[in-house]
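The values are calculated or read from the model by the stated rules, or taken from the named source; none is laboratory data. None of the values given here were measured: they were computed from a predicted structure. A quick note on method: Cβ atoms are made from the backbone with ideal geometry, for glycine too, and the neighbour counts reach across all protein chains shown.
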Amino acid sequence: MALNADESGRLVDVLSRHVDRITRRWAEVVAAQLRGRLSQAELIRQGQELHRALLDALGKGAVDLTSEEATELRAVLAEFSRGQARQGFSATETATGVFALKDALLTVLDSDQSEGTLRDYVGFSALVDQMGLFTFETYVRTRESLIADQAEQLLELSTPVVKLWEGVVAVPLVGTLDSARAQVVMERLLQTLVDTGSPYAIIDITGVPAVDTQVAQHILKTVVAARLMGADCIISGIRPQIAQTIVALGIEFGDIATKASLADALRHVLRLTGVETGRRQSRREA
Amino acid sequence: MERVPILKIGDILLVSIQVDMSDQTAVALQEDLAERIVATGCHGVIIDITALDIVDSFVGRMLSTIASISRVLDAETVVVGMRPAVAITLVELGLSLNGIRTALNVERGMELIAAERADQGDDEFDYGPDTELTASP
């Protein structure tokens, strides 16, 4: 238990008598940390809100952050913390926002030396510590959910299947190919083959930074699955370093057609389907 | 026991599997198909598995066996309409159905067989089954 009823009562008294001083001091301490990333008015507003919630909770007789009476205080802290996390403030800056309350109270108590002040302050300090930890937890949770959201968006955004020609679709792969993404790519490609009735698919790996055995395995699986469905896959966009890695790792692409560039792959497919391409004609003339 | 119907279209036998394949159904299909190939003298077999949600190892092997039997009887087998989920499952199981030709749909399957026959170039462009039958002893 952080505070007893008496301490809590005295604190409410102090907090309500020095609203302005506490808020201003709090804003000062936090502003020093943030170095002008939030306006003074904004800080004062946050300070007042925090102060009001704290006073409210203590006034209702809250002795602990986990108690029923402190529900609103927790909500305010969570909101404060989420805001900081979303605006890109660091964990320290967020925690300081709460710990600054101690500093603010200390300045008020300095001018009011009396019996029991130290005990009050220690009790208050314990409460603020709880608030700080709570804020930090919310901060971490918010950041984690942000990261999860972004990973999901990335998965959605980075696997388009585009139609290149009548009966030819292409998947430009961008970024590292892990199992989850490979699965999404495979499913989407195969579904597109069915939907469009395209007998040819080009998998372009120009945007894949590195090909290891696992990535190769994923690509091979996709190609074999497409073959089972009656479509042919061509792998394109193999950069020189990637080609060297593939050979060094001993990855066998077997009878799967591989091309250096997407253009080569498209030309290859068009030749298979019997479409005459410009470059071949000009070569013949030359 | 359910039997899978075998339809004859020109020079091609079309097998559209619409029921869940039990082991007996699969065996019966193998026998029926072999008989029909001999009786009609067709040179192409298209097996449509669009309606199949599940292809297990047994059905996979049945498809391979049918392909082998047909090849012995001088008929080309094409499996068409495999669903993405089925294809992924087969790959994960490590069944790549070697020796089976595949196509996206029945139409492409027929094109594939026609192209195949044209490549081989035997009996010119006359695919009439009747002439086939009379030609064979």
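Of all residues in the stretch A:223-264, none satisfies the criterion of being within 14 Å of chain B (Cβ to nearest Cβ), basic (K, R) and surrounded by fewer than 17 Cβ atoms within 10 Å (Cβ to Cβ).
Which of the residues that make up the stretch A:199-220 are modelled with pLDDT of 90 or more and within 14 Å of chain B (Cβ to nearest Cβ)? Within the stretch A:199-220, A:P199, A:Y200, A:A201 qualify. Being within 22 Å of A:D232 (Cβ to Cβ) and within 14 Å of chain A (Cβ to nearest Cβ) is the filter; apply it to the stretch B:36-51 and report the residue that is surrounded by the most Cβ atoms within 10 Å (Cβ to Cβ). Among those residues, the one meeting the criterion is B:I47.
Of the residues making up the stretch A:17-39, those that are touching a residue at least 40 places away in the same chain (Cβ under 8 Å) and either farther than 16 Å from A:D110 by Cβ or part of a loop (DSSP other than H, G, I, E, B) (or both) are A:H18, A:T23, A:V30, A:Q33, A:L34, A:R37. So how many residues does the stretch B:56-87 have that are out of contact with any Leu (no Cβ under 9 Å at 6 or more places or on another chain) and in a helix (DSSP H, G or I)? So the count comes out to 5. Regarding B:D32, is this residue farther than 17 Å from B:A114 by Cβ, of a type in the set (D, E) and outside any helix (DSSP H, G or I)? Considered against the rule, which asks whether it is farther than 17 Å from B:A114 by Cβ, of a type in the set (D, E) and outside any helix (DSSP H, G or I), B:D32 comes out as no.
Taken together, the residues in the stretch B:69-87 that are farther than 19 Å from B:F58 by Cβ and at the interface with chain A (Cβ under 7 Å from one of its Cβ atoms) amount to 2. Restricting attention to the stretch A:158-175 and to residues that are modelled with pLDDT of 85 or more and in a loop (DSSP other than H, G, I, E, B), the residue that is surrounded by the fewest Cβ atoms within 10 Å (Cβ to Cβ) turns out to be A:E166. I'd like to verify a number: residues in the stretch B:60-78 that are touching a Lys or Arg at 6+ places or on another chain (Cβ under 7 Å) and of a type in the set (A, V, I, L, M), how many? So the answer is 1.
When B:M82, B:M21, B:M110, B:M62 are checked against the criterion of being under 23 Å from A:L220 (Cα atoms) and not hydroxyl-bearing (S, T, Y), B:M82 stands alone in meeting it. Among the conditions (1) outside any helix (DSSP H, G or I); (2) under 22 Å from A:Q48 (Cβ atoms), A:S125 misses just one, which is (1). Buried (at least 22 other Cβ atoms within 10 Å of the Cβ) and touching a residue at least 24 places away in the same chain (Cβ under 8 Å): which single residue out of B:A87, B:A75 fits that description? Exactly one of B:A87, B:A75 is buried (at least 22 other Cβ atoms within 10 Å of the Cβ) and touching a residue at least 24 places away in the same chain (Cβ under 8 Å), namely B:A75. Considering only residues in the stretch B:88-106 that are at pLDDT 90 or above and not in a loop (DSSP other than H, G, I, E, B), the one that is farthest from the other protein chains (Cβ to nearest Cβ) turns out to be B:V106.
Screening B:V59 with (1) closer than 16 Å to B:S16 by Cα; (2) of a type outside the set (K, R); (3) at pLDDT 90 or above; (4) more than 12 Å from the chain's Cα centre (by Cα) gives one miss only, at (3).
Within the set A:V128, A:V76, the sole residue that is free of Cβ contacts under 8 Å to residues at least 60 places away in the same chain, touching a Lys or Arg at 6+ places or on another chain (Cβ under 7 Å) and assigned by TED's automatic domain parsing to the domain that holds A:H18 turns out to be A:V128.
The listed residues are A:L154, A:L133, and the only one of them that is closer than 30 Å to A:D204 by Cα and surrounded by fewer than 20 Cβ atoms within 10 Å (Cβ to Cβ) turns out to be A:L154. The helices (runs of 4 or more DSSP H) falling completely within the stretch A:176-264 that include 2 or more residues that are closer than 25 Å to B:L104 by Cβ and not charged (D, E, K, R) map to A:179-196, A:213-228.
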